[in-house]
1. Look through segment 96-115, keep the residues that are in a helix (DSSP H, G or I) and in contact with a Lys or Arg (Cβ under 8 Å, 6 or more places away or on another chain), and return whichever of them is surrounded by the fewest Cβ atoms within 10 Å (Cβ to Cβ).
2. When you go through (1) outside any helix (DSSP H, G or I); (2) under 26 Å from PRO156 (Cβ atoms); (3) within 13 Å of the ligand (Cβ to nearest atom); (4) in contact with a strand residue (DSSP E or B) (Cβ under 7 Å, 6 or more places away or on another chain) one by one for LEU49, which number turns out not to apply?
3. Residues in segment 63-95 that are outside any helix (DSSP H, G or I) and either without any contact (Cβ under 8 Å) to a residue 24 or more places away in the chain or on the phi > 0 side of the Ramachandran plot (or both): how many?
4. Got a number for residues in segment 52-68 being within 21 Å of GLY126 (Cα to Cα) and either hydroxyl-bearing (Ser, Thr, Tyr) or more than 7 Å from the ligand (Cβ to nearest atom) (or both)?
5. Using the structure shown, decide if GLY41 is touching a residue at least 60 places away in the same chain (Cβ under 8 Å) and within 8 Å of the ligand (Cβ to nearest atom).
6. Any chance segment 87-108 includes a residue that's at pLDDT below 95, more than 9 Å from the ligand (Cβ to nearest atom), out of contact with any helix residue (DSSP H, G or I) (no Cβ under 9 Å at 6 or more places or on another chain) and under 20 Å from TYR157 (Cα atoms)?
7. Residue check, ALA71 against (1) within 9 Å of the ligand (Cβ to nearest atom); (2) out of contact with any strand residue (DSSP E or B) (no Cβ under 8 Å at 6 or more places or on another chain); (3) small (Gly, Ala, Ser); (4) under 23 Å from GLN116 (Cα atoms), all met but one. Which one?
8. Closer than 18 Å to TYR157 by Cβ, within 16 Å of the chain's Cα centre (by Cα), free of Cβ contacts under 8 Å to residues at least 24 places away in the same chain and not in a strand (DSSP E or B): does that describe ALA16?
Amino acid sequence: MDTASRLDRMIARLSAQRAHIEAAAALIREVPGPVLEIGLGKGRTFDHLRKLLGDREIFAYDGTLHAPAGAVPDPDHLVLGDFRETLPAAMERLPAPAALAHADFGSEDRARDAAQAAWLGPLIDGLMAPGAVVLSDRELSAPRWTAIDGSGRDWPYFLWRVGPRP
Ligand SMILES: C[S@@+](CC[C@H](N)C(=O)[O-])C[C@H]1O[C@@H](n2cnc3c(N)ncnc32)[C@H](O)[C@@H]1O
């Protein structure tokens, strides 16, 4: 039986998220390009990304805006609308292919998340530079991605290195 409380699970999730974001920021040190925050939500991870990677442009995506005013990107770096519509057009706004994408779109509905993951991976892949890193709270896949071991932490979080274009 899982004896972890909801509070324990929340702490584990947020700790894993912060550790993986920090690992990903280190992994892209030599990779030029902007950062994509796919799931702005309340702006917690966006705020952490900009603390770590303040010298990069960070573009944030969500269906609707529900982050507090202090954690909202400027209008040139905020794209609202369903990912299915905003991500296929995202390259038009990016200055270059992205060095890092953080896809934080998970909900309590695992079946919905899995269905979304199936189309989200390829859409994200189309925006990424060779050598870039993709980080997500749900398992994604694309043919040119290689999983980076993210084990050793007590909450699943997923990290991939993007290979060259075929
Ligand atoms: C787990 S929350 C993001 C939390 C955020 N990263 C933070 O630290 O505050 C997931 C977000 O993804 C957004 N989302 C999920 N599926 C979406 C879709 N298909 N299109 C647009 N936004 C979506 C939700 O609106 C929600 O704000």
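The values are calculated or read from the model by the stated rules, or taken from the named source; none is laboratory data. Remember, it's a predicted structure, so these values are computed and weren't measured experimentally. As a convention, Cβ positions derive from the backbone with ideal geometry for all residues, glycine included, and neighbour counts pool all protein chains shown.
1. As a first pass, look at segment 96-115 and keep what is in a helix (DSSP H, G or I): 110-115.
Next cut, in contact with a Lys or Arg (Cβ under 8 Å, 6 or more places away or on another chain) only: 113-114.
On the way: ASP113: 16, ALA114: 11.
So the residue we want is ALA114.
2. Of (1) outside any helix (DSSP H, G or I); (2) under 26 Å from PRO156 (Cβ atoms); (3) within 13 Å of the ligand (Cβ to nearest atom); (4) in contact with a strand residue (DSSP E or B) (Cβ under 7 Å, 6 or more places away or on another chain), only one is false for LEU49: (1).
3. Initial filter on segment 63-95 (outside any helix (DSSP H, G or I)): 63-68, 72-74, 78-82, 87-89, 93-95.
Narrowing further to those that are either without any contact (Cβ under 8 Å) to a residue 24 or more places away in the chain or on the phi > 0 side of the Ramachandran plot (or both): 63-64, 74, 79-82, 89.
Counting residues in segment 63-95 that are outside any helix (DSSP H, G or I) and either without any contact (Cβ under 8 Å) to a residue 24 or more places away in the chain or on the phi > 0 side of the Ramachandran plot (or both) gives 8.
4. 6
5. Working: touching a residue at least 60 places away in the same chain (Cβ under 8 Å): yes; within 8 Å of the ligand (Cβ to nearest atom): yes.
Answer is yes for this residue.
6. Scanning segment 87-108 turns up at least one residue that is at pLDDT below 95, more than 9 Å from the ligand (Cβ to nearest atom), out of contact with any helix residue (DSSP H, G or I) (no Cβ under 9 Å at 6 or more places or on another chain) and under 20 Å from TYR157 (Cα atoms).
7. Status for ALA71: all satisfied but (4).
8. Numbers: closer than 18 Å to TYR157 by Cβ: yes; within 16 Å of the chain's Cα centre (by Cα): yes; free of Cβ contacts under 8 Å to residues at least 24 places away in the same chain: no; not in a strand (DSSP E or B): yes.
No, not satisfied.
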